[in-house]
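Any read-out appearing in this document is the output of simple, stated calculations on the displayed coordinates, not a laboratory observation. What you see is a predicted model, and the numbers here were worked out from it, not measured in a lab. For neighbour counting, all protein chains shown are included, and Cβ atoms are generated from backbone atoms with ideal geometry for every residue, glycine included.
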C-alpha cells in the first residue's frame, strides 16, 4: 500500500493496514501464510519489533492466527450460521429432528462431551425457574464439535422434579431432543427468550473451545416457556465468535406471524 510522506501513522500500523488490504483484496486467502517478521523487516526497512507489532495488530483483530514454528496465517472462516428462529420451530423438534440440523446443513456437528447430573439449583437459575434453595435441577452439559473443532459449550438446567424418570435425565434424549421429551411430559415449550452478550473467554473456556488468541465468545442464554408461561429450561451457551453467525429473520409486525 502506497503511503504519502505526511502519513503520521506509526510504521507498524501502516504495515498492518497494507497486509489487511492484501487479505481483503484476495492476495492472501484463507489458510495462506503471511510474510514473516524477516520478510517485513526487509520489505519495509523496519526493526523486528515493528514487524512483530504489525502482525500483532492483525492477530488481535482476529484476522490471522499464529502457528508455533510455522508462521502467521490468514484465518479460514466458514461460519456456523445459527438460525435462531427457524431452529426452534415446533415442526422441527416436534418431528424428531435436531434443532442443530437447521444450522449445519451438510457439515458434521458432534457432541464429544456430555454429562447429566442432578444438582442444587444455582441462585440465578432458581430465580428464573421459580425454584427454592431446596429444589434440585437436572443439569445437562455438552461440548459441540464442528468439522473436528470445538465451537460451543452448552449447559441446560431443568427442574429435576419435572423431568425425573424421563429420557432427559439420560445422555441420549432421543429424536427431537429435550424439547420433544418435554412435550411428551405435557410441558412442551411454545415460547423462547434469548439474551445475548459478548466478552473475552476465561482461560478454561478458551482451552475447551481450542480458541486462537484474541477471539471473543458470544453468550446466549435461552429460556423455554410453556403455554401457561412456566419456564421449564434454561440453556446457557458459550459460542466461539469466530465460528458463528447469529441470524434472526422476523416480520416487522410481531403479530404478522404466529
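Sort 122-133, 229-240, 207-218 for me by packing, meaning the mean count of neighbouring Cβ atoms within 10 Å per residue, highest on top.
Packing order, densest peptide first, comes out as 229-240, 207-218, 122-133.
Rounded to the nearest 10 degrees, what's the angle between the helix 48-60 long axis and the longest principal axis of the chain, both from Cα atoms, 0 to 90?
30
Pairing the Cα long axis of helix 11-25 with the longest principal axis of the chain, what angle in degrees results, from 0 to 90 and rounded to the nearest 10?
Approximately 60 degrees, to the nearest 10.
Most exposed first by the Cβ proxy, i.e. fewest other Cβ within 10 Å, how do 37, 27 rank?
Values: 37 18, 27 11.
Going from sparsest to densest Cβ surroundings: 27, 37.
Treat the count of other C-beta atoms within 10 Å as a stand-in for reagent exposure and order 11, 68 from fewest to most. Please report the intermediate quantities before stating the final value.
Details: 11 17, 68 5.
Going from least to most buried by this count: 68, 11.
Considering the Cα trace of segment 11-74, what is its radius of gyration and what is Dmax, both in angstroms?
10.6, 27
Sort out for me the Cα centre separation of segment 109-128 from segment 185-207, rounded to whole Å.
With segment 109-128 and segment 185-207 each reduced to a Cα centre, they are spaced 11 Å.
Working only with C-alpha atoms, what are the Rg and Dmax values of segment 149-199, expressed in angstrom?
13.1, 37
Quick one: pull the percentage of alpha-carbon pairs in segment 114-258 with a separation above 27 Å. If you can, show how the numbers build up before the last one.
Working: 2941 of 10440 pairs.
Summing the P(r) of segment 114-258 above 27 Å gives 28 percent of all pairs.
By counting other Cβ atoms within 10 Å of each Cβ, how are 226, 173 ranked from fewest to most?
Values: 226 16, 173 19.
The fewest-first ordering by Cβ neighbours comes to 226, 173.
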